[in-house]
Every structure is written in C-alpha cells, then in structure tokens.
Amino acid sequence: MKLGDLLYETWYALAANKGRSFLTILGIVIGISAVIAMTSLIGGIQNTLMGELGFAQARQVAISVNAPQGITFDDLDALEQMMPDYEFITGSTQIGTSVGTGTTTVENATIFCAKPEYFIANGSNLESGRLFTESEEKNGARYAVIDQNSVKEVFGSVDAQAVGQTIHIGNDDYQIIGVLQSSTLVSYGTMIYVPYSTAVQRLGVTDGYLQITGFVREGADIESVVATTTSTVARYFGLAGEDDVYVFSFDSIIKEMETTMASFSLLMGSVASISLFVGGVGIMNMMLTNVTERIREIGLRKSLGARRRDITKQFLLEAIMLCVMGGVIGIVMGLLGAWGLGAAVGAMQPGMTVVPAISLPVILGAVGVCVLIGVVFGYYPARRAAKLDPVESLRYQ
Amino acid sequence: MALVLEARDIHKIYEGASGLTHALRGVSFSVEQGEFLAIMGPSGSGKSTLMNILGCLDTPTTGSYFLEGVDVAAYNEDELAEIRATRIGFVFQSFNLLPRSTVLRNAMMPLMYTACPKKERAERARSALRSVYLDEALFDHRSNELSGGQMQRVAIARALVNDPALILADEPTGNLDTATGEMVLATFKGLRDQGKTIVLITHEPDVAAHADRAIHIRDGKLAGKDCPVHTRDTDPMPASVGHDSIAGPGASPCGQAGHQRGGVR
C-alpha cells in the first residue's frame with residue numbers, strides 16, 4: 001500500500017467522523033497548547049528580562065558592607081587596586097525625598113547620587129537625551145536623569161517630553177537631561193539620578209556612606225570574583241565575620257531565574273504530559289470503537305487483498321493523524337494563548353513587553369510527541385484490526 | 001480448456017464452543033477457464049465455507065486447492081492476501097461498497113493492494129465500470145447515491161478491476177428485486193462471454209439457472225454429479241434445465257444414479 005493511498009484512506013475515515021474525531025483530540029489539543037503557551041511565554045519573559053539586563057548588567061556586582069567607620073571614595077580606589085578583576089568600582093548614595101514640577105508633587109522619590117560610571121555598571125539604556133558627564137558631576141551641575149516609570153509618575157504619561165523640563169528636588173530646580181529605559185527587574189518607584197557632587201553640595205549628602213557597585217572585567221568568572229570580593233572587602237575593612245559583607249551579582253539572579261524557569265517548565269511539562277496521556281487513552285478508546293464499527297470494512301479490505309500490515313498501517317496512521325491534528329491545533333492555540341498572556345503581562349507591568357518566543361525545536365518536538373502518542377496508543381487498536389479474521393469480519397453485522 | 005480451479009478432497013473442520021464441526025467432508029470439483037458455475041445449497045450446507053476456501057479467505061483442514069495450477073491450501077495469511085489481491089474478485093450480497101467514496105474510487109480499491117501504478121488505476125477502473133455497462137455519468141457519484149442494481153454492478157467492476165482468474169459471487173442478487181437481479185446476472189453472463197471464470201454461490205434455483213453448470217452441496221458433501229445446465233455454445237437459454245438440476249440428483253437429467261460425487265474433468 002502506497003503512502004498516498006494510506007493518507008487518502010485516513011482522510012476519508014477521519015472526515016466521516018468529524019465531530020467525534022474533534023472531541024477525541026481535545027485532550028491532545030489542551031496538553032499541547034499548554035506546553036506551547038507556557039514555553040513560549042516563559043521564553044518570551046526570559047528574553048525580555050535578559051534583554052533588559054543586557055550584558056552589562058550581568059557584569060554588575062553590588063557590595064554591601066556594614067562598616068562602622070563608613071566608606072569613602074578613597075576606600076573604593078584602594079579596593080579597585082586590590083581587585084584587578086574589576087574594571088572599576090564606584091559608589092553611590094540614595095536618599096528619599098519628594099520631588100515636584102510645580103503642578104505635581106511625588107512623595108518618596110528615590111534620588112540616586114552617583115558618578116557617570118554608575119550608569120555603565122548598571123547597564124542603563126538611554127531612552128532619550130543624554131547622561132551627565134564626569135566634569136558636570138565634579139562641578140556639581142544641577143542636572144537630573146530620570147527613568148521612564150518616573151516620567152509617568154511625575155509628568156502623567158510615559159510619552160511626556162521630559163528632557164529639557166525642570167524638576168524640583170530639595171530646594172533647587174534641576175534640568176532633566178536624559179530619560180532611561182525602565183527596568184522591570186529593579187524598581188524603587190520614582191527614580192531620579194543626580195550627580196554625586198551636586199547631592200553633596202545641595203542635598204545634604206555626607207561623604208562616607210557609600211554603596212559600592214563593581215563592574216567586572218569582561219570574561220572574568222563572576223562566581224569566583226564574588227567569592228574573592230567577599231573576603232577581600234572583609235579584610236580591608238577589618239571585619240571579622242563575613243556576615244558584615246554581602247556581595248551580590250546580577251549574574252546569580254540570572255542563573256537563579258533560569259533555574260526557576262526550568263523547574264516551572266518541568267512542572268508545566270508534567271501537568272501537560274498527564275493531559276497528553278489522558279488524551280492518548282482517549283485516542284485509543286476511539287480507535288477501538290472505530291475498529292469495531294468498521295469490522296465489515298476491514299473484512300472487505302482483506303477480501304480485496306489487504307494484508308495484515310496494510311490494515312495495521314491504515315489504522316495506525318489514523319491514530320497518528322488524529323494526534324498530529326490535535327497537536328497542530330494545540331500549537332496554534334498555544335501560540336495565540338501565549339500572545340494573549342504576554343499582552344496581559346505587559347498590561348500589568350508597564351514598560352514590559354513580552355513577545356512570546358516561538359521556538360522551532362519546541363514546535364517540532366510537540367509534533368514529534370504527537371506522532372509518538374499516536375503510535376503508542378494507536379498500535380494496539382491497529383493490531384486488533386489487522387488480526388481480525390476476514391471471514392468473521394465479512395459476516396459481522 | 002485450462003482449469004482455473006480444482007478442489008481435491010477438501011475437508012474443513014471447525015473447532016467451536018460446541019465441539020468440532022465438520023463443515024466440508026471431502027469436496028472435489030473443478031472449474032474451467034471461462035465457465036460460469038453455480039454452487040447451490042441450503043444454509044448450513046457448507047457452501048459459505050466452501051466459498052471462503054475458494055476465495056482464499058480460509059484454508060482447508062485437509063485436501064488441496066489448486067488455483068491456476070498452484071496449490072494454495074498451505075499458503076500463509078500474507079500469501080493468501082496476495083492471491084486475493086491479484087487473482088480473485090469478490091462480489092457480495094450486500095455490495096460492501098464504501099458509501100461516501102465515489103464509484104470510481106470504489107472500483108479502484110483492490111488496486112491499492114497491488115503493485116498497479118497509480119496512473120493506470122483510474123483507467124483500469126473506468127474500463128471495468130464500462131464492461132458492466134454502468135453509465136459514465138455515475139462514475140463520480142458517491143456510491144450511496146446509486147440504486148441497488150447500480151451498486152452491485154460497481155461491486156462487479158471492483159471484482160474485475162485486477163483482471164482476476166476467478167470471480168466469486170456470494171448471493172449477488174440476494175438484496176435485489178427480481179428484475180434488477182436478472183440484470184446483474186446478465187452482467188455475469190456478459191463477462192462469462194468475455195472469457196471470465198465465474199463461481200456464483202446461491203440458494204435460489206432461478207439464479208443458479210443462469211449458470212452453465214450447477215453443483216449442489218449438502219451436509220458438507222457435493223450432492224450429485226455436477227452437470228452442465230446447458231451447453232452455452234448451442235443453447236443460450238435453457239432455463240428449465242437449470243431448475244431441474246437444482247431439485248436434486250434424482251430429478252436432474254444428469255443426476256442419474258451411480259454418478260460420481262465431485263466432478264473430475
């Protein structure tokens with residue numbers, strides 16, 4: 001029997017039972033669409049977060065030190081000397097205050113007092129305008145850089161033209177010179193960045209209580225850098241317990257996120273495989289019914305010269321086609337679902353666009369799984385059909 | 001003339017819930033190329049069993065069955081399927097067409113199980129359908145749109161399509177009214193005239209009367225010498241003779257006492 005004949009016969013048989021065929025494949029449809037929706041959504045979220053973190057942020061290491069004597073920029077220079085794995089180490093201070101434009105006031109804004117290199121370590125991406133320069137920082141320029149979320153908070157809309165506007169911080173007006181893309185990973189509400197020296201001069205920031213951010217050299221192994229940093233910093237500040245030094249890298253967050261996503265995928269996978277198993281049993285049930293209903297047809301085919309393997313092939317292909325059809329519908333529904341959920345996530349998290357990751361290997365894998373289910377659950381009914389006695393089958397009423 | 005089939009001392013014993021059933025008890029007969037033979041018998045006589053063996057759907061318990069000179073009695077299932085696909089055409093009482101397929105598709109069905117190239121199939125099916133005088137306009141109709149007589153002619157075309165050595169018809173007129181049945185039987189006669197070998201199983205004497213020769217089976221044995229119902233070369237319409245031959249050995253003109261059981265030619 002040629003493949004073309006088999007396909008025709010399969011199509012003929014399935015078309016004769018459209019309604020029942022559809023109901024039978026529902027289990028497969030649901031299982032596959034769940035897998036596809038979840039994997040593409042997770043992939044999409046992962047892509048979004050990674051894209052946002054960028055390569056730069058992966059190299060960022062945050063160092064918190066509980067040093068009673070305080071930390072100064074001189075300490076940072078010394079640490080930078082001691083740890084050549086860092087491209088640079090920079091310090092920053094945060095203060096909380098209210099900001100306003102004259103018409104609106106935002107309480108509890110977080111002001112980051114930093115040097116320009118802080119933006120590099122943070123992997124910040126400019127949406128519009130520019131950042132302040134080193135000399136502007138030294139001279140205490142009254143410039144501010146603001147992130148997109150804050151634009152929305154302060155000016156009412158993400159799309160508001162913020163660059164060039166003035167914002168009131170403390171007792172002074174600052175000119176907004178740049179807007180940063182918002183991070184969905186790290187958000188402290190309204191975030192405004194001002195030059196460190198300006199903050200010392202005008203916002204009452206006292207030198208010596210810095211938060212340390214390091215930027216690891218490209219290619220260095222972050223994990224070992226984190227380990228040596230902990231001990232080096234503890235030694236430098238004369239801290240006995242390593243409890244007083246906490247070193248934290250985005251790289252570890254990324255790894256942690258990957259593990260979380262993987263275990264989530266595994267969970268979804270097991271739920272989906274239960275659905276697929278149940279779907280497969282449904283297919284088997286329908287195929288057995290099918291065989292019983294078509295005993296006379298089987299007898300006829302045998303009398304016309306069909307061998308056992310022709311009958312096996314025919315019924316096996318029917319089961320496979322059912323499963324693959326279920327799989328294809330499931331893939332389409334899963335992708336649509338992922339787009340819908342992605343849009344929902346985007347609506348809940350402003351500034352976060354989740355584009356479902358459509359992965360060809362996953363889709364091919366899903367089709368492969370469907371073929372496998374068809375073979376596994378279709379084989380027994382097909383063999384049963386093939387083993388029917390032609391004489392008995394022709395006599396069957 | 002060449003023998004198309006020859007049965008030699010065929011026995012068939014079934015093992016059933018009620019013990020052993022001896023369905024055929026030594027059946028021997030033969031059929032020549034181009035012959036139209038009727039096998040008659042009441043229900044339970046073993047004629048269905050015989051037909052299944054002749055059609056290679058089943059094998060005899062003992063005995064030999066030569067089809068075109070080859071003993072197929074010991075063939076395995078796949079080999080029998082091969083024989084059915086290429087050398088035997090079946091016509092059933094209930095037509096057994098695929099209802100939602102077209103007439104042409106139905107007629108082509110057996111070719112699916114042969115090596116016949118796809119291109120040739122439709123052409124062969126068309127010519128088979130033409131040879132049973134089916135209107136060409138019906139070729140693309142679904143088979144369930146046809147009348148009973150048309151359906152049975154499609155079934156005959158399906159039996160013909162692989163140019164078999166033997167056409168086996170099991171009560172082909174059983175589901176048809178008399179007039180339509182006559183038409184179908186006329187179709188068989190036409191095929192016989194084209195040199196096809198036909199074996200028809202029936203319990204109706206009127207139907208058997210259309211055959212060249214009839215053999216009777218009763219209790220698993222051939223009852224009475226098989227006898228030519230008529231000589232078709234000289235007398236094409238001797239229906240009354242056929243009737244007699246069915247009534248039993250005593251009443252048949254060639255059913256004289258002392259005849260051998262199971263004709264050997």
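Computed from the Cβ-Cβ distance with R0 of 51 Å, the FRET efficiency linking A:S135 to A:D243 stands at 0.80.
Centre-to-centre separation between the Cα atoms of region A:331-354 and those of region A:246-278: 18 Å. The HN-Hα couplings worked out from phi for region A:246-256 by the Karplus form 6.51 cos²θ - 1.76 cosθ + 1.60 (θ = phi - 60°) are 10, 10, 9, 10, 5, 4, 5, 5, 4, 5, 4 Hz, whole numbers, x standing for Gly and Pro.
Beta-bridge orientation, the protein assembly as shown: approximately 65 percent antiparallel, per DSSP, counting only bridges with both partners inside. Placing +1 on the Cβ of every Lys and Arg and -1 on the Cβ of every Asp and Glu, with no other charges, gives the protein assembly as shown a dipole of roughly 3720 debye about its Cα centre. Taking the dipole about the Cα centre of the protein assembly as shown, with the C-beta of Lys and Arg at +1 and of Asp and Glu at -1, give me whichever of A:I329, A:T289, B:F139 is farthest to the positive side. My answer, from the dipole projection, is B:F139.
Roughly what angle does helix A:18-58 make with the longest principal axis of chain A, taking Cα atoms, 0 to 90 degrees, to the nearest 10? The angle comes out near 20 degrees. Relative to the dominant Cα principal axis of chain A, helix A:360-386 is inclined by about 20°. The ellipsoid that matches the Cα gyration tensor of region A:89-216 has semi-axes, each √(5λ) in whole angstrom, of 21, 17, 14, with the longest given first. Ranking A:G208, A:F277, A:A34 by Cα position along the charge dipole of the protein assembly as shown, where only Lys, Arg, Asp and Glu carry charges on their C-beta atoms, puts A:F277 farthest toward the positive end.
Cβ crowding within 10 Å, taken as a proxy for footprinting-reagent exposure, orders B:S131, A:S33 from fewest neighbours to most as B:S131, A:S33.
Could you give log10 I(q)/I(0) at q = 0.07, 0.08, 0.09, 0.13 Å⁻¹ for chain A, computed by the Debye formula over C-alpha point scatterers of equal weight, without solvent? Taking Cα atoms of chain A as identical point scatterers yields -0.54, -0.62, -0.69, -1.04.
Kirkwood radius for region A:261-397, taken over all pairs of different Cα atoms as the inverse mean of 1/r, rounds to 17.3 Å.
Each principal axis of the Cα atoms in the protein assembly as shown has its own extent, and those three values, largest first, are 138, 52, 39 angstrom. The length gained by stretching the chain between A:E107 and A:F73 to full extension, at 0.36 nm per residue less their Cα-Cα distance, is 9.3 nm. Would you give the gap between the C-alpha center of region B:53-118 and the C-alpha center of region A:117-185, rounded to a whole Å? Measuring centre to centre over Cα atoms gives 86 Å. How many percent of DSSP beta bridges within region A:89-216 run antiparallel, rounded to 5? About 70 percent, rounded to the nearest 5. In the structure shown, the pairs A:K2/B:K189; A:K313/B:K119; A:K302/B:K196 are assessed against 26 Å; a Cα-Cα span above that value is assigned to A:K2/B:K189. With a Förster radius of 60 Å, plug the Cβ-Cβ distance of A:H168 and A:V278 into 1/(1 + (r/R0)^6) and report the FRET value to the nearest 0.05. Using R0 = 60 Å, I get an efficiency of 0.45. With r defined as the distance between the Cβ atoms of B:D9 and B:E182 and R0 fixed at 25 Å, what FRET efficiency is calculated, to the nearest 0.05? That gives a FRET efficiency of 0.10.
Do any cysteines of chain A lack a neighbour Cys whose Cβ is under 4.7 Å away, and which are they? Result for chain A is A:C113, no neighbouring Cys Cβ within the cutoff. Looking at chain A only, what percent of DSSP beta bridges run antiparallel? Nearest 5 please. Roughly 75 percent of the DSSP beta bridges within chain A come out antiparallel.
Here the Karplus relation 6.51 cos²θ - 1.76 cosθ + 1.60, evaluated at θ = phi - 60°, turns the backbone of region A:82-88 into coupling constants of 6, 10, x, 5, 8, 5, 7 Hz, with x for every Gly and Pro. Residues B:Y75, A:Y12, A:Y174 in ascending order of nearby Cβ atoms (within 10 Å, fewest first): A:Y12, B:Y75, A:Y174. Comparing A:V216, A:V245, A:V354 in a Gaussian network model of chain A, where Cα atoms under 10 Å apart are tied by springs, the biggest mean-square fluctuation is seen for A:V245. Taking other C-beta atoms within 10 Å as the exposure proxy, A:Y86, A:Y380, B:Y133 rank B:Y133, A:Y380, A:Y86 from fewest upward. Quickly estimate the mean residue ellipticity at 222 nm for chain A, helices only: each DSSP H run with n ≥ 4 gives -39500 (n - 2.57), and the total goes over all residues, rounded to 500. Calculated mean residue ellipticity at 222 nm is -20000 deg cm²/dmol.
Each reported figure results from applying straightforward, stated rules to the coordinates on display, with no laboratory input. Just so we're clear, the structure is a prediction, and the values are computed from it rather than from any experiment. Please note: Cβ atoms are built from the backbone with ideal geometry, for glycine as well, and neighbour counts cover all protein chains shown.
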